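A.B. asks: So that we are looking at the same thing, I have put the structure below in structure tokens.
The values are calculated or read from the model by the stated rules, or taken from the named source; none is laboratory data. Since the model is a prediction, treat every value here as computed from it, not as a measurement. Cβ coordinates were reconstructed from backbone atoms using ideal geometry, including for glycine residues, and neighbour counts include every protein chain displayed. With ligands, DNA and RNA removed, areas are computed over all heavy atoms of the protein, side chains included. Shrake-Rupley method; radii C 1.70, N 1.55, O 1.52, S 1.80 Å.
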Amino acid sequence: MSNPRNGDTKPPCLPRNGLVKIPTQPNGLGSASITKGTPAVKNRLCQPSSVPAILSPALAHRSDLPIPSLASPLSLATLASVSSPPGASLVGLNTSEGSEQPSPERLPGSPSERQLAVDEKILNRLFWYFSACEKCVLAQVCKAWRRVLYQPKFWVGLTPVLHTKELYNVLPGGEKEFVSLQGFAIRGFDGFCLVGVSDLDICEFIDNYPLSKKGVKSMSLKRSTITDAGLEVMLEQMQGVVRLELSGCNDFTEAGLWSSLNARITALSVSDCINVADDAIAAISQLLPNLTELNLQAYHVTDTALAYFTAKQGYTTHTLRLNSCWEITNHGVVNMVHSLPNLSVLSLSGCSKVTDDGVELVAENLRKLRSLDLSWCPRITDMALEYIACDLHKLEELVLDRCVRITDTGLSYLSTMSSLRSLYLRWCCQVQDFGLKHLLSMGSLRLLSLAGCPLLTTTGLSGLVQLQELEELELTNCPGATPELFKYFSQHLPCCMVIE
């Protein structure tokens, strides 16, 4: 990531999971990750940075100023007249507590240029054009830049990710001291993801983060050893939490949910927690009357659990994601559609026992659906797509990844859906060129994924240029996608991002 940029090299790219590292700040922060709040980022390619024309010509052509974007931390060190540590990169760049940040007077250039480089009006506009990773490095250039960058508006939608080892500093005597979180508070972060933490770590976090009691709205605990007692203390002390995620936490039980869940929680996500079964859903349905979103990945949840939802959730819950709930069958779908009639987002991804009859129940009863995910449902056939096309007239997103029984006939049904904007057909191994012809009449399509479809040829794919409103096309691992085809798309679909 630290190689200088040239004409053939793309700018540093965020990982596909949206995670970037925060360098250690002079205020004593340990290195941490920040994750984007927007899910679409994982499917996007990095685009070259663009900067508004607010700089003087003298500065615009200065090679020692990071005007277009950051190619490496070394360019920043040159700007600030300080040397970077050997091998420094955007990930893990450290500065010590006592490191001196350069003052504006030490910046290169004439006095007028130096004044322009710290003009807050210019910086407030300029810094919008940098990624979160770059902003972390820019904040180390000088106090003026850090003062501007530490405004909460530059960090909206980002969530710091703190691992256990990053929460403590080891003192000379071997004792461990909890790190200062003041820098996070200044930037106004209202959500955190803690990885690998224990009950004690959570208590330390609550005691040391100034906004923890009222200002934190979202908490995510991953691969942690939190127990029923720790969960109860956290939700009792952090009165502002309305969004809660528990992933890979195997030490709390259903009893802990009964004792700790609070009616203020509106969004709950539970995944890979081995002690979660039907009774956990009973606790959720009884204790969370204002629940708007539930994401659940639980291998032991059965059809019975979906009957626990009451009329309270029926009015408020608009998003339900049941991922890899292997025991859910069409009987569970019956319970769900009658309990939660106002759903607009539904995922049955990996619910391998759901068949076309289950999809028919969804289509007939959940007419408000705007997003439906049926990926990894091997029993779904073209008949299910006919039900969807006939009844779900508001549907905007349909995910059919790994639905291996979908054929060209099913795509002909979908071609009648005028509202569909996003269609995912990854690894649908029976889709052929003839099926693509049905999609050419879908002027509403903005995103189409055909990754891994083995029967599509270059000839069939080339016809997609008729979809002039297409904004994103994914052809990863598609044998028919050749270099010549990508060149053809660049000429005839100039506004479409083609993912190779």
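A.B. asks: If you check LYS214, LYS222, which single one turns out to be under 25 Å from the mean Cα position of the chain (by Cα) and at pLDDT below 95? Steps first, please.
C.D. replies: On the way: LYS222 fails: at pLDDT below 95.
That would be LYS214, the only listed residue that is under 25 Å from the mean Cα position of the chain (by Cα) and at pLDDT below 95.
A.B. asks: For the range 286-312, which positions are in contact with a helix residue (DSSP H, G or I) (Cβ under 6 Å, 6 or more places away or on another chain), crowded, with 19+ Cβ neighbours inside 10 Å and of a type outside the set (A, V, I, L, M)?
C.D. replies: Selection gives ASP303, PHE309.
A.B. asks: Select from the range 174-189 the residues that are open to solvent by 10 Å² or more (accessible area, probe 1.4 Å) and either of a type outside the set (S, T, N, Q) or not assigned by the TED database to the domain that holds LYS213 (or both) and write down the one among them that is modelled with the lowest pLDDT. So that I can check it myself, show each step before the final result.
C.D. replies: Within the range 174-189, the subset open to solvent by 10 Å² or more (accessible area, probe 1.4 Å) is 174-178, 180, 182, 185-186, 188.
Filter once more, so that each one left must be either of a type outside the set (S, T, N, Q) or not assigned by the TED database to the domain that holds LYS213 (or both): 174-178, 185-186, 188.
Working: GLY174: 85, GLU175: 89, LYS176: 89, GLU177: 93, PHE178: 95, ALA185: 93, ILE186: 93, GLY188: 93.
Going through the qualifying residues, I end up with GLY174.
A.B. asks: ASP228 passes all but one of (1) over 22 Å from LYS165 (Cα atoms); (2) within 20 Å of the chain's Cα centre (by Cα); which number fails?
C.D. replies: The single condition ASP228 does not satisfy is (2).
A.B. asks: Same structure again: Quick check, is GLY240 open to solvent by less than 60 Å² (accessible area, probe 1.4 Å), of a type outside the set (S, T, N, Q) and within 19 Å of ILE284 (Cβ to Cβ)?
C.D. replies: no
A.B. asks: For the range 274-285, how many residues meet the condition of being in a loop (DSSP other than H, G, I, E, B) and buried (at least 21 other Cβ atoms within 10 Å of the Cβ)? Walk me through it before giving the result.
C.D. replies: Taking the range 274-285 and keeping what is in a loop (DSSP other than H, G, I, E, B), we get 274-277.
Adding the requirement that they be buried (at least 21 other Cβ atoms within 10 Å of the Cβ) leaves 276.
The qualifying residues number 1.
A.B. asks: If we scan the range 302-323, do we find a residue that is basic (Lys, Arg) and part of a loop (DSSP other than H, G, I, E, B)?
C.D. replies: Within the range 302-323, none of the residues are basic (Lys, Arg) and part of a loop (DSSP other than H, G, I, E, B).
A.B. asks: Which one is most open to solvent (accessible area, probe 1.4 Å), of the residues in the range 452-494 that are hydroxyl-bearing (Ser, Thr, Tyr) and in contact (Cβ under 8 Å) with a residue 12 or more places away in the chain? Give the derivation first.
C.D. replies: Taking the range 452-494 first, the residues hydroxyl-bearing (Ser, Thr, Tyr) are 457-459, 462, 476, 482, 488, 490.
Cutting the leftovers down to in contact (Cβ under 8 Å) with a residue 12 or more places away in the chain gives us 457-459, 462, 476, 482, 488.
Values: THR457: 59, THR458: 55, THR459: 112, SER462: 32, THR476: 38, THR482: 36, TYR488: 80 Å².
Taking the candidates together, the pick is THR459.
A.B. asks: Somewhere in the range 197-214, is a residue open to solvent by less than 60 Å² (accessible area, probe 1.4 Å), of a type outside the set (A, V, I, L, M), at positive phi and in the same structural domain as GLU245 (by the TED database)?
C.D. replies: no
A.B. asks: Taking the range 313-328 only, how many residues are under 16 Å from SER339 (Cα atoms) and either over 24 Å from the mean Cα position of the chain (by Cα) or open to solvent by 40 Å² or more (accessible area, probe 1.4 Å) (or both)?
C.D. replies: Counting residues in the range 313-328 that are under 16 Å from SER339 (Cα atoms) and either over 24 Å from the mean Cα position of the chain (by Cα) or open to solvent by 40 Å² or more (accessible area, probe 1.4 Å) (or both) gives 7.
A.B. asks: Right, ILE226: open to solvent by less than 50 Å² (accessible area, probe 1.4 Å), assigned to a helix (DSSP H, G or I) and of a type outside the set (Ser, Thr, Tyr) or not?
C.D. replies: No.
Rundown of residues vs (1) crowded, with 19+ Cβ neighbours inside 10 Å; (2) modelled with pLDDT under 95, yes/no style:
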{"position": "LEU369", "(1), (2)": "yes, no"}
{"position": "LEU372", "(1), (2)": "yes, no"}
{"position": "ALA389", "(1), (2)": "yes, no"}
{"position": "THR409", "(1), (2)": "no, no"}
{"position": "SER419", "(1), (2)": "no, no"}
{"position": "ARG426", "(1), (2)": "yes, no"}
{"position": "SER441", "(1), (2)": "no, yes"}
